[in-house]
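As structure tokens, the structure follows; a few thoughts come after it.
Bear in mind these aren't lab numbers, they're just calculated from the coordinates by the rules spelled out. These figures come from a predicted structure and were not determined experimentally. Cβ placement follows ideal geometry from the backbone for every residue including glycine, while neighbour counts extend to all protein chains displayed.
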Ligand SMILES: [Zn+2]
């Protein structure tokens, strides 16, 4: 049984040690491999459901929120002083 994302480095099971919900509803999670202690971040994007007439505007707003979440996740990853290539 696996608890979610597998380690990108060794394929081992991982656990979440920090989870932050942003104001836009997206969730940034920081994960750590239980096997090799590699750390990385994932983002859970809340897409919601859009009515057809609102879709274009809603998608644009979601793209902006996604970009903001990505920036935050990258900053969180850099805070660990490890990870990345
Ligand atoms: Zn690992």
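Counting pairs of alpha carbon atoms under 8 Å apart in space and at least six apart in sequence, what relative contact order in percent does segment 14-79 give?
Working: 82 pairs, mean separation 19.3, N = 66.
Computed over segment 14-79, the figure is 29 percent.
Rounded to the nearest 0.05, what FRET efficiency do residue 22 and residue 58 give with R0 = 22 Å and r taken as the Cβ-Cβ distance? Could you check? Could you put the intermediate results ahead of the total?
On the way: r = 17 Å, r/R0 = 0.77.
For residue 22 and residue 58, the calculated efficiency is 0.85.
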Of 47, 6, how do they rank once you tally other Cβ atoms within 10 Å and put the fewest first?
-> 47, 6
